[in-house]
1. Just checking, which of Thr96, Thr135 is of a type in the set (S, T, N, Q), free of Cβ contacts under 8 Å to residues at least 40 places away in the same chain and under 27 Å from Gly50 (Cβ atoms)?
2. Write out, first by first residue and then by second, each pair whose Cβ atoms fall under 7 Å of each other, whose residues are 6+ apart or on separate chains, and whose first residue, in segment 52-72, is under 18 Å from Phe114 (Cβ atoms) while the second is outside any helix (DSSP H, G or I) and basic (Lys, Arg).
3. For segment 103-122, indicate whether the set of residues that are assigned by TED's automatic domain parsing to the domain that holds Glu54, of a type in the set (Ser, Thr, Tyr) and at positive phi is non-empty.
4. Out of segment 94-126, which residues are part of a loop (DSSP other than H, G, I, E, B) and either at pLDDT below 90 or over 19 Å from Gly61 (Cβ atoms) (or both)?
5. Give segment 78-89 a look and list any residue that's in contact (Cβ under 8 Å) with a residue 40 or more places away in the chain and either of a type outside the set (Asp, Glu) or not assigned by TED's automatic domain parsing to the domain that holds Ser57 (or both), or say none.
6. Is segment 76-93 home to any residue that is of a type in the set (Asp, Glu), part of a loop (DSSP other than H, G, I, E, B) and surrounded by 16 or more Cβ atoms within 10 Å (Cβ to Cβ)?
Amino acid sequence: MTTVDENERKESVRDRFSGRPTGLFAGLGVIAALALGFGIGRTTVEQPSGLASEEVSTMLGARIAAVNGEPGPDVASFYSTEAVLEEQDQDPPVVTRGAQQISDHLAAYRGLGFRIDPSATPAIRLGRYVAEGLTWAYGYQGGIVVYELDDDGRIAHSWVIGGTP
């Protein structure tokens, strides 16, 4: 039978853990990296970039229906209370503040025959911002609308850009 001297045993354990990576430390490193990667992945899911989510696209489609006067939610319900609409395609630009005021403003356009084509291009999203190309009547062929969404998914600020007369 072979016996191991207690000092020899302590020496070999100390040698294994003295400044050299070991299976234990490597394993802990892998677990930490996976946990960090999972945490980063969850953050990116909350603020996606690329195509807008189905929820946001559905909201924008319902907004178009409301602007066009179809039955359903009022236009104001898609905007935060303190929302701002900047129509950069007008000369000079028109700025409207407040959800109800934006709703009334767009209703006035509707009274003049303004309609948005519901077959809009797919919306893209980068963090809080969403952009979509739209085609409309009333003297313009279309343009791009950029929306800033608030924490509740309502439109906090929107910019209408471009449009071909």
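The values are calculated or read from the model by the stated rules, or taken from the named source; none is laboratory data. Predicted, not measured: the structure shown is a model, and the values here were computed from it. Don't worry about glycine lacking a Cβ; one is built from the backbone with ideal geometry, like all the others, and counts go over all protein chains shown.
1. Working: Thr96 fails: under 27 Å from Gly50 (Cβ atoms).
Thr135 is the lone residue from the list that is of a type in the set (S, T, N, Q), free of Cβ contacts under 8 Å to residues at least 40 places away in the same chain and under 27 Å from Gly50 (Cβ atoms).
2. Final answer for the pair search is Asn68/Arg115.
3. no
4. Matches in segment 94-126: Gly98, Leu112, Gly113, Phe114, Arg115, Asp117, Pro118, Ser119, Ala120, Thr121, Pro122.
5. Phe78, Tyr79, Ser80, Ala83, Val84, Leu85, Gln88
6. yes
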